[in-house]
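Here the structure comes first, spelled out in C-alpha coordinates, and everything after it is commentary.
The values are calculated or read from the model by the stated rules, or taken from the named source; none is laboratory data. Just so we're clear, the structure is a prediction, and the values are computed from it rather than from any experiment. Cβ atoms come from the backbone with ideal geometry, glycine included; neighbour counts cover every protein chain shown. Calculation scope for accessible area: heavy atoms of the full protein, side chains included, ligands and nucleic acids excluded. Shrake-Rupley method; radii C 1.70, N 1.55, O 1.52, S 1.80 Å.
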Amino acid sequence: MKIKDIKLIQTHLKKAALYTGKIDGKRGKKTDRAVEQALTSAEGKLPREWSDWRPKRKAIACLQLLCTENNIDAGPIDGLYGPQTEAAAGQLSV
(Lines give C-alpha, C1' and ligand atoms only; values in the text may rest on other atoms or scores of the structure.)
Protein backbone atom coordinates (compact mmCIF):
# COMPACT_ATOMS: atom_id res chain seq x y z
CA MET A 1 0.00 0.00 0.00
CA LYS A 2 1.39 3.34 -1.06
CA ILE A 3 1.54 6.62 0.86
CA LYS A 4 -0.79 8.22 -1.68
CA ASP A 5 -3.34 5.45 -1.01
CA ILE A 6 -3.26 6.12 2.72
CA LYS A 7 -3.67 9.84 2.04
CA LEU A 8 -6.74 9.03 -0.07
CA ILE A 9 -8.19 6.97 2.76
CA GLN A 10 -7.43 9.69 5.31
CA THR A 11 -8.97 12.39 3.10
CA HIS A 12 -12.17 10.45 2.47
CA LEU A 13 -12.51 9.46 6.11
CA LYS A 14 -11.91 13.06 7.19
CA LYS A 15 -14.74 14.19 4.87
CA ALA A 16 -16.94 11.56 6.53
CA ALA A 17 -15.97 12.96 9.97
CA LEU A 18 -14.35 9.66 10.97
CA TYR A 19 -10.71 10.81 10.90
CA THR A 20 -9.32 13.78 12.83
CA GLY A 21 -5.58 13.48 12.22
CA LYS A 22 -3.27 14.98 9.62
CA ILE A 23 -3.40 13.88 6.00
CA ASP A 24 0.16 12.56 6.11
CA GLY A 25 0.03 9.15 4.43
CA LYS A 26 1.05 7.37 7.63
CA ARG A 27 -1.14 4.60 8.96
CA GLY A 28 -1.23 5.27 12.69
CA LYS A 29 -3.71 4.75 15.49
CA LYS A 30 -6.08 7.51 14.34
CA THR A 31 -6.16 6.16 10.80
CA ASP A 32 -6.64 2.60 12.01
CA ARG A 33 -9.53 3.65 14.29
CA ALA A 34 -11.21 5.58 11.48
CA VAL A 35 -10.80 2.63 9.10
CA GLU A 36 -12.33 0.33 11.71
CA GLN A 37 -15.32 2.66 12.08
CA ALA A 38 -15.80 2.92 8.32
CA LEU A 39 -15.67 -0.85 7.88
CA THR A 40 -18.02 -1.44 10.80
CA SER A 41 -20.60 0.84 9.21
CA ALA A 42 -20.27 -1.08 5.92
CA GLU A 43 -20.21 -4.52 7.50
CA GLY A 44 -22.84 -5.95 5.16
CA LYS A 45 -20.56 -5.34 2.17
CA LEU A 46 -17.60 -7.19 3.68
CA PRO A 47 -16.67 -10.82 4.18
CA ARG A 48 -17.63 -12.20 7.59
CA GLU A 49 -14.03 -12.62 8.73
CA TRP A 50 -12.99 -8.99 8.07
CA SER A 51 -12.87 -8.11 11.77
CA ASP A 52 -10.09 -10.69 12.26
CA TRP A 53 -7.83 -9.04 9.66
CA ARG A 54 -4.72 -7.09 10.63
CA PRO A 55 -4.92 -3.28 10.44
CA LYS A 56 -3.04 -3.07 7.12
CA ARG A 57 -5.47 -5.46 5.45
CA LYS A 58 -8.39 -3.49 6.90
CA ALA A 59 -6.94 -0.29 5.42
CA ILE A 60 -6.74 -1.95 2.01
CA ALA A 61 -10.34 -3.14 2.39
CA CYS A 62 -11.32 0.43 3.24
CA LEU A 63 -9.62 1.66 0.07
CA GLN A 64 -11.46 -0.99 -1.94
CA LEU A 65 -14.73 0.02 -0.30
CA LEU A 66 -14.12 3.70 -1.10
CA CYS A 67 -13.48 2.79 -4.72
CA THR A 68 -16.61 0.64 -4.90
CA GLU A 69 -18.72 3.40 -3.36
CA ASN A 70 -17.41 5.76 -6.05
CA ASN A 71 -18.35 3.33 -8.85
CA ILE A 72 -14.76 2.25 -9.46
CA ASP A 73 -14.21 -1.49 -9.86
CA ALA A 74 -11.66 -2.54 -7.24
CA GLY A 75 -12.66 -6.18 -7.45
CA PRO A 76 -13.85 -8.01 -4.34
CA ILE A 77 -13.43 -6.24 -1.02
CA ASP A 78 -10.91 -8.71 0.35
CA GLY A 79 -8.21 -6.48 1.84
CA LEU A 80 -5.59 -7.75 -0.59
CA TYR A 81 -3.59 -5.19 -2.56
CA GLY A 82 -3.01 -6.24 -6.13
CA PRO A 83 -3.07 -4.74 -9.61
CA GLN A 84 -6.84 -4.25 -9.67
CA THR A 85 -6.88 -2.42 -6.33
CA GLU A 86 -3.90 -0.31 -7.37
CA ALA A 87 -5.56 0.66 -10.67
CA ALA A 88 -8.83 1.48 -8.93
CA ALA A 89 -7.06 3.60 -6.31
CA GLY A 90 -5.42 5.53 -9.14
CA GLN A 91 -8.89 6.47 -10.38
CA LEU A 92 -10.20 7.53 -6.97
CA SER A 93 -10.16 11.28 -6.58
CA VAL A 94 -10.03 13.39 -3.47
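What the table below lists for this structure:
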item	result
Any pair with Cβ under 6 angstrom, 6 or more apart, that starts in the stretch 5-34 at a residue that is over 21 Å from Arg54 (Cβ atoms) and ends at one that is surrounded by fewer than 21 Cβ atoms within 10 Å (Cβ to Cβ) and at pLDDT below 95	Thr11/Val94
Scan of the stretch 1-58 for residues that are hydroxyl-bearing (Ser, Thr, Tyr) and surrounded by 13 or more Cβ atoms within 10 Å (Cβ to Cβ), ordered by number	Thr11, Tyr19, Thr31
Close pairs (8 angstrom Cβ cut-off, 6 or more residues apart or separate chains): free of Cβ contacts under 8 Å to residues at least 24 places away in the same chain and open to solvent by 60 Å² or more (accessible area, probe 1.4 Å) in the stretch 67-84, part of a loop (DSSP other than H, G, I, E, B) and among the β-branched types (Val, Ile, Thr) anywhere	Thr68/Ile77
